[in-house]
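Following: one structure in structure tokens, then a few remarks.
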Amino acid sequence: QVVSTSMATPLAAPLFSPLSLSSARNRRSYPKIRFQSNNGSTLESNGHQKLNLSKCGKLDGKRSKFLQMGSREMTFGRKLSVQAADGAGTGNTSTISSNVLAIAHLLVSLGIILAADQFLKQAFVAASIKFPSALFGMFCIFSVLMILDTVVPAAATGMMNFFEPAFLFIQRWLPLFYVPSLVVLPLSVRDIPAASGLKICYIVAGGWLASLCVAGFTAIAVRKMVNTEMTEAEPMAKPSPFSALELWSWSGIFVASFVGAMFYPNSLGTSARTCLPFLLSSTVLGYIVGTGLPSAIKKVFHPIICCAVSALLAALAFGYASGSGLDPVLGNYLTKVASDPGAGDILMGFLGSVILSFAFSMFKQRKLVKRHAAEIFTSVIVSTIFSLYSTALVGRLVGLEPSLTVSILPRCITVALALSIVSLFEGTNSSLTAAVVVVTGLIGANFVQVVLDKLRLNDPIARGIATASSAHGLGTAALSAKEPEALPFCAIAYALTGIFGSLLCSVPAVRQSLLAVVG
């Protein structure tokens, strides 16, 4: 007679639990069987030792069958244990393979975008074309996507999926590409008189508020006229947060490269190349730490500011320790020499890819653009024209030097295209342009939500358009983090403001009229 049985297998615990990774997973588990014979003697077995059946007398057919069943269960348990162990190993291998493929996918897609940007730059320089090459590339990509979507929709979807890793990478690191202009700001403003600096601050702060009002109220007025009902936009993927592994990896790179540059100043051929690893890693570390700060602190200490401060502190520490001073280190940070790039040159090299990525975001929201074309295009056009000409006029009224006024004309346009715009004019300060654009974005990022509430601009479309038209990418990131429903309109207005501003300033007559206003 069977008194009790118990069966334990390794599958009682989850396959990927800590228990499954311990040495206990290699131990065998067997069924415990206890028999009692008619004469009262008992026998227990753990399935590992052989049963001495003679001690229990002769077993009848049922008992024999039961013993066979227990043996089969024991064998099945052993098979499951082996299969579980094999499955865990297969799962780890497949995870590693998928990670390697994902990294390769990112490198290939991002590499194609960067290579296309460089090819267009060289082609436009060789042909002496004064038009933003990245903007032309963006139009080409968008046109290809639209044609494929009409002829072979699956091909357009495949193309979007292929470049999605690169697009998410650019989104994730976008604010970092603006930082170099802030890091070298001490060198850029050194020759600018203090009075002129105050005038620039007044134009930037007042101009941001004016552009916000113009774009927002224009959008409200057009919406009342067309009365288009707002529908749900296409969901936009969000980049993944930074991990502790990334933080410690960049920290290790910083320490090793900083110490190496101290003892071997020209180990990589030039001082700029030698300083590049620790200056780049300090910039990245500042951004990673800044994004992890509490929201209350980020309102006054934006991740971009944290990023710039981190790079400046690293440059200051190296300049003091090496005895070279701060200025040479900052000069190595942004050399503007293609054959000897610094950390800032590497980061700003991604600005062209930012413009190319606009094609993918606009294509993804093409239905939204078509539905709300009246509000979006009217607001962007009016706001861009107002921003350019009001900056020129106010600069003349307050007596700002013409060269400085022209340098800050594209204050509401993203850095990549703002630099392309000022390159169309002579005698401009491109470093000042980039710094003014970033400061405008920081003002918008910190105050846009409060100001929109005070102005009673409650419509998501108006809020998104007003934010992107006045504070480009940084304002967009700040507003969309708290108001996701405004993100699609921010993204579209952010791209279109830069596009229309570049197209407008590419017309010689418009440039002449702006110079005439500047005086």
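The values are calculated or read from the model by the stated rules, or taken from the named source; none is laboratory data. Worth saying up front: this structure is predicted, and the values here are computed from it rather than measured. Positions of Cβ are backbone-derived with ideal geometry, glycine not excepted, and every protein chain shown enters the neighbour counts. Surface accessibility is based on the protein's heavy atoms, side chains included, excluding ligands, DNA and RNA. Shrake-Rupley method; radii C 1.70, N 1.55, O 1.52, S 1.80 Å.
Could you list the residues of region 437-453 with an amide nitrogen less than 20 Å from a label point located 7 Å from the Cα of Phe301 in the Cα-to-C-beta direction? Only 439, 442-447 fall inside the zone, counting backbone N under 20 Å.
Assuming charge only on the beta carbon of Lys and Arg (+1) and of Asp and Glu (-1), the dipole of region 350-507 about its Cα centre is about 400 debye to the nearest 20. Gain on full extension, evaluated as 0.36 nm per residue between Val507 and Trp173 minus their Cα-Cα distance, stands at 117.0 nm.
Here the gap between Ser423 and Ala194, fully extended at 0.36 nm per residue and compared with their Cα-Cα distance, gives a gain of 79.9 nm. In terms of the Cα gyration tensor, with a ≥ b ≥ c the square roots of its eigenvalues, is region 107-159 rounded because a/c is under 1.5, prolate because a/b exceeds b/c, or oblate? The shape class here is oblate. Highest mean packing first, where packing is the average number of other Cβ atoms within 10 Å per residue, the peptides 501-511, 124-134, 278-288 line up as 278-288, 501-511, 124-134. The slack between Trp248 and Phe217, meaning 0.36 nm per residue of separation minus the straight C-alpha distance, is 6.5 nm. Distance between the C-alpha centres of region 170-213 and region 349-427: 15 Å, rounded to the whole angstrom.
All other residues with a Cβ under 15 Å from the Cβ of Ala166 taken together, and with Lys, Arg as +1 and Asp, Glu as -1, what is their net charge? Around Ala166, the surrounding residues sum to 0. Computed from label points 7 Å out along Cα-Cβ, the spacing between Leu393 and Leu316 is 4.2 nm. Residue ranges 248-257, 165-174 sort as 165-174, 248-257 when ordered by packing (mean number of other C-beta atoms within 10 Å per residue, highest first).
Could you pull out the pairs from Lys130/Lys364; Lys130/Lys336; Lys224/Lys367; Lys199/Lys336 whose alpha carbons sit more than 22 Å apart here?
Long pairs (Cα-Cα over 22 Å): Lys130/Lys364; Lys199/Lys336.
Toward the positive end of the charge dipole of region 387-519, about the Cα centre and with charges on Cβ (Lys, Arg +1; Asp, Glu -1), which of Phe500, Thr428, Ser387 goes farthest? The Cα lying farthest towards the positive end belongs to Ser387.
For the peptides 188-195, 456-463, the ranking by packing is 456-463, 188-195, with the highest mean count of neighbouring Cβ atoms within 10 Å listed first. Once you have a ≥ b ≥ c as the square roots of the Cα gyration tensor eigenvalues for region 193-291, tell me rounded if a/c is under 1.5, and otherwise prolate or oblate according to whether a/b is larger than b/c. Oblate, since a/c reaches 1.5 and b/c is not below a/b.
Taking square-rooted eigenvalues a ≥ b ≥ c of the alpha carbon gyration tensor, is region 142-247 rounded, prolate or oblate, where a/c under 1.5 means rounded and, failing that, a/b exceeding b/c means prolate? It comes out oblate by the Cα gyration axes.
Placing a pseudo-label 7 Å from each Cα along the Cα-to-Cβ vector at Ala123 and Phe139 gives an inter-label distance of 1.3 nm. FRET efficiency for the pair Asp327 and Leu268, taken as 1/(1 + (r/R0)^6) with r the Cβ-Cβ distance and R0 = 25 Å, rounds to 0.75. In this simple spin-label approximation, Arg366 and Lys482 carry label points 7 Å from Cα along the Cα→Cβ vector, and these lie 3.5 nm apart. Ranking Glu485, Glu375 by solvent-accessible area of protein heavy atoms (1.4 Å probe, all protein chains present), from largest to smallest, gives Glu485, Glu375.
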